[in-house]
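See structure below.
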Amino acid sequence: MHHHHPADDATGRRAVTNLASSDWSLAPGENVLCRLEVDLNAQLRFQTASIVLSDQRIGTLPQPGAPWQTWPLTPDLALQHHDHAGVGTLELVSAQGRLAVWYFTLEHQVQVVRLIEQFERHQAALHTGETPAEDDKAQCPSCKAPLPPESDECPVCHRELQTPPSTWVLLRLWRFARPYQGKLLAGFLLTLASTAATLVPPYLTMPLMDKVLIPFQNGQAIDTSLVLLLLGGLLGSALVAWALGWARTYLLALVSERIGADLRTTTYEHLLRLSLDYFGSKRTGDLMNRVGSETDRINVFLSLHALDFATDVLMIAMTAAILVSINPWLALVTLVPLPFIAWLIHLVRDRLRTGFEKIDRVWGEVTNVLADTIPGIRVVKAFAQEQREANRFRAANQYNLQVNDKLNKTWSLFSPTVSLLTEIGLLVVWAFGIWLVSENDITVGVLTAFIAYIGRFYGRLDSMSRIVSVTQKAAAGAKRIFDILDHVSNVPEPANPVKLPALQGGIRMEQIAFRYGSRSVIRNLSLDIRPGEMIGLVGHSGSGKSTLVNLICRFYDITDGAIKVDGIDIRRVAVADYRQHIGLVLQEPFLFFGTIAENIAYGKPDATRDEIIAAARAAHAHEFILRLPQGYDSLVGERGQGLSGGERQRISIARALLIDPKILILDEATSAVDTETEKEIQRALDNLVKGRTTIAIAHRLSTLRKADRLVVMDRGQVVEVGPHDELMARQGAYWRLYEAQARKAEQDALLDAEPPSPNAENPA
C-alpha cells in the first residue's frame, strides 16, 4: 500500500506535532490523514476535543490532559453524522454498538464532512483491497467546488466579494441598449455633426488674423465684405452647433432614461424570480440600494458622461487631424503630454475601481441600518434603544466617510496633475510656435488658430481624464447589478412545463431529502397525503416541519427524491401555475400598505367586491371590517399597522379563501393570539379547510384534534403517523409531546391560581 507521509502537508505536520506531545505514538509506517477539533462536550458545553484519523486507526482526545482513546480501522467500523437545531453529532459505531460520540457547533461542519469522506474512502479501500485515492482537493459541501488548500471558504460561493469590478462590465449594458440602436446611431451622427460645427470657428480665425487684422496694422484698408463673411460664418457655425447639440443631448437623454428604466425593471423582475435562499443571505437595504441608487448612477453615466466621452473622443480625433493638416511638426509637439496622461490614467484607474465598489458596499451598510430600524421602530422605542440605533448609524456613516476620504485623496491629486501637464504642453506649443513664426515657417494667424484648437484639445483631454472617475463608479454599480442578474434561482422553471389538470390535491413525497448549505434538514422522508385530507405536522422546534412545508410550496427544491401532486412531479410544472393552487396562512401574516379590499384580493386582483366580502364573511372578518372608518376601503398601514394580530390573521385567511386553493398550508396560524381570538380564527379556518388538502403546523397539539392524521417529525424524518387517539394509545413520540404540553399547561394553571403571598400589601 502506498503511504503518504504526514510531513508532506500542513495538516499532517500539525497532527504529528500535537500527537508527539501526548501518549499517541505513531506506529512504523503509520500516516495521519486528517485531524480536527470539535467544540462541545456531552453536556453541550464549550470544550475542545480532538479527533485524529490515520491510515491504521481513529482516535480521540476527549479533553486536554486526558488519555487518548483509539480504535483500529476494521471493516465494520462506521461514522454516522447528523445535526439538529444548530448542533452537529458525529458517532463512531461498530457491530457491537456505539463506540464514541462527539458534538460540535455547525461552524465545524465542513471539516467534519472532510473527515467522513477520508474515513469512508479508506473503509472502502479495506473492503476492496485497493489503495485509496489521494484526496488532494476538498469540496465545498454546498456547491461541490474544490476548496483552496487550508481554507474553508468556497471561491464559487463567495465569488461576489472576490471578483473586482472591470470597466468591461459596462459593455454588457448593450443588452439593454440594443432595442434603441436606431436612436443611438442618430445620436452619434448628431454628435459627429455638432463636434464638426464647433471646430469651424478656430479655422476662421486664420483668415481673420492673416487677411484682415495684420494687413490693417500694416496700413491696408479693411475688406468689409470679407469681415462680414467671416463673422457670419462664426455666427452660423455657433447656431448650428447649438441646434445640433440640443438635439443630440435631448435624444440621448431620452434613450438613457429608457435604458435605465429597463435595467431597473429587469433587475427587480429577476429578484422576484429568485428563490428564498438568495434573500436569506442578503440585506434589504443593500438590495434596495442596488435596484435604486446603482441603476440611477448608471443612468446618469449613460445620459451625461458617456455622451461627453464620445464627444471628447471625436473632438480629439478631429482636432488632431486638423492640427496635422495645418502643421505636422507643431501637431507633434502638441502630443507631448499624452503619454504621461495615459500612464496616470492607467495608474489611478484600478485604485478608483476597487475604491468605488467598496464605497458602494459601505453605503449599502448605511442603508441597511435604515432598512432595519424604520420597519422595527416600535421595538426600538419599546426597548428605549434610540441612542444605540443612532450610534449604529453614526458608526456606519463614519466608516462611509473614511472610505470616501481615502478615495478622494487619490482623486484630488490625479485631476490637478492632468491639468498641470496640459498647461505645460500649452507652454511648449507657444514656445515652439513663436520660434516657427520667427523663422517665417508659419504666420501669426496659423499660430492663433493652433492655440485655439489646442485649448479645445487639452480641454477635452482634461475632461476625458475626469471621466475615469464616473466610469469606474458606473462599472462598480453595473457589477453589483449584474451580480443579481447572473444569479440563477435554485428553483428553476422547467424547460417544457406540464399543464396541471383540474387539481385533486393528492401529495406524494418519495424518499425526499433537503440540505440547507452544509446542513442536512430533511432525510429520506416519504409521506402520502390523500386529496381533501387534513394532516397535522407536529414535532419539536427544528424538527423540519416548516422546511417540509417550504418544499411542498416549492420555495426551495429538494436535493433527492420527488414530490408529486396528483402524480405529477412539481418540478415539471411552471412555478406560478403550481403556486396558484396553494393557499398559505402564516404565523405572522404580512399585509401590504393599501386598503383592506386590496389586501384580501392580493392573490386575485380582478376579484369583485361581492367575492371579497364573501371571503371576508367566511373568514369571520366582515364584522370588524365594517366597524373601521371606511370599511373595506380603510387604509392598512405598512405591515398591517393599526390592526390587531387576530384581525390581520383573519384578513390573511380571507386572502387565502378568495383564491379557492386546492392545497392549504397553515403554518402556526393561531399561535400568536389570545384564546378568544383563537376561537374566532378556528371558526374561520373550519370554513377554509372544507374540501381542501390541508397541511397544518401547530405547537398547541389541541388545535390539531380535527386532523385526519398527525405526522410526527424528528430531526428531518417522520417517526409516527396516525390519528390522535391511535398515537396516544401507542405511547410513542406523539404521546410524549402531548404529555409534556399537558404538564406545562397544568403548571401554568397552578401558577395562575396560586394565592397572593400573606406578606403582600393589602390593596384596601
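The values are calculated or read from the model by the stated rules, or taken from the named source; none is laboratory data. All of these numbers come straight from a predicted model, not from anything done at the bench. Here the Cβ positions follow ideal geometry from the backbone for every residue, glycine too, while neighbour counts run over all protein chains shown. In case anyone asks, the SASA skips ligands and DNA or RNA and just uses the protein heavy atoms, side chains included. Shrake-Rupley method; radii C 1.70, N 1.55, O 1.52, S 1.80 Å.
Do any residues in region 618-638 that are free of Cβ contacts under 8 Å to residues at least 12 places away in the same chain and under 27 Å from K690 (Cβ atoms) have Cβ atoms under 9 Å from those of residues that are among the aromatic types (F, W, Y) and part of a helix (DSSP H, G or I), where the two are at least six apart or on different chains, and which pairs are they?
If the second residue must be among the aromatic types (F, W, Y) and part of a helix (DSSP H, G or I), the pairs left are L626/Y632.
With the structure loaded, tell me whether Y578 is open to solvent by less than 10 Å² (accessible area, probe 1.4 Å), among the aromatic types (F, W, Y) and out of contact with any His (no Cβ under 6 Å at 6 or more places or on another chain) or whether it fails that test.
On the way: open to solvent by less than 10 Å² (accessible area, probe 1.4 Å): yes; among the aromatic types (F, W, Y): yes; out of contact with any His (no Cβ under 6 Å at 6 or more places or on another chain): yes.
Answer is yes for this residue.
Is it true that I535 is in a loop (DSSP other than H, G, I, E, B) and of a type outside the set (D, E)?
Numbers: in a loop (DSSP other than H, G, I, E, B): no; of a type outside the set (D, E): yes.
The answer is no for I535.
Could you look through region 507-548, keep only residues that are closer than 23 Å to G567 by Cα and β-branched (V, I, T), and pick out the one that is surrounded by the fewest Cβ atoms within 10 Å (Cβ to Cβ)?
T547
Of the residues that make up region 670-677, is at least one modelled with pLDDT under 75, under 24 Å from L548 (Cβ atoms) and small (G, A, S)?
Checking region 670-677: at least one residue is modelled with pLDDT under 75, under 24 Å from L548 (Cβ atoms) and small (G, A, S).
Give the residues of region 400-427 that are farther than 18 Å from I467 by Cβ and open to solvent by less than 40 Å² (accessible area, probe 1.4 Å), sorted by residue number. Can you show your working first?
First, pick out the residues of region 400-427 that are farther than 18 Å from I467 by Cβ: 400-406, 409, 420, 423-427.
Of everything in region 400-427, those that are farther than 18 Å from I467 by Cβ and open to solvent by less than 40 Å² (accessible area, probe 1.4 Å) turn out to be N400, V403, G425.
Among the residues of region 208-223, write down those that are open to solvent by 90 Å² or more (accessible area, probe 1.4 Å) and farther than 12 Å from V444 by Cα.
If the condition is that a residue be open to solvent by 90 Å² or more (accessible area, probe 1.4 Å) and farther than 12 Å from V444 by Cα, then F216, Q217, N218, Q220, A221 are the ones that fit.
Could you give me the residue pairs with C-beta distances under 8 Å whose first residue belongs to region 64-84 and is of a type in the set (S, T, Y), whose second residue is assigned to a loop (DSSP other than H, G, I, E, B) wherever it lies, and which are 6+ apart or on separate chains?
Short answer, once both residue conditions are applied: T70/W24.
Is it the case, given these coordinates, that A618 is crowded, with 16+ Cβ neighbours inside 10 Å and under 11 Å from L657 (Cα atoms)?
On the way: crowded, with 16+ Cβ neighbours inside 10 Å: yes; under 11 Å from L657 (Cα atoms): yes.
In short, yes.
Of everything in region 48-93, what is of a type in the set (A, V, I, L, M), surrounded by 16 or more Cβ atoms within 10 Å (Cβ to Cβ) and more than 14 Å from V38 (Cβ to Cβ)? Give them in sequence order. Before you say what the answer is, go through the steps one by one.
Residues of region 48-93 that are of a type in the set (A, V, I, L, M), as a first pass: 49, 51-53, 58, 61, 66, 73, 77-79, 85, 87, 90, 92-93.
Add one more test, that the residue is surrounded by 16 or more Cβ atoms within 10 Å (Cβ to Cβ), and what stays is 49, 51-53, 58, 61, 73, 77, 79, 90, 92.
If the condition is that a residue be of a type in the set (A, V, I, L, M), surrounded by 16 or more Cβ atoms within 10 Å (Cβ to Cβ) and more than 14 Å from V38 (Cβ to Cβ), then L73, L77 are the ones that fit.
I'm told R700 meets every condition in (1) modelled with pLDDT of 75 or more; (2) open to solvent by 50 Å² or more (accessible area, probe 1.4 Å) except one. Can you identify the failing condition by its number?
(1)
Being within 24 Å of the chain's Cα centre (by Cα) and in a strand (DSSP E or B) narrows it down to one residue among R523, R515, R554; which is it? Show your work before the answer.
Details: R523 fails: within 24 Å of the chain's Cα centre (by Cα); R554 fails: in a strand (DSSP E or B).
Sole residue among the options that is within 24 Å of the chain's Cα centre (by Cα) and in a strand (DSSP E or B): R515.
Quick check on region 425-434. Is at least one of its residues out of contact with any strand residue (DSSP E or B) (no Cβ under 8 Å at 6 or more places or on another chain) and within 22 Å of K282 (Cα to Cα)?
No.
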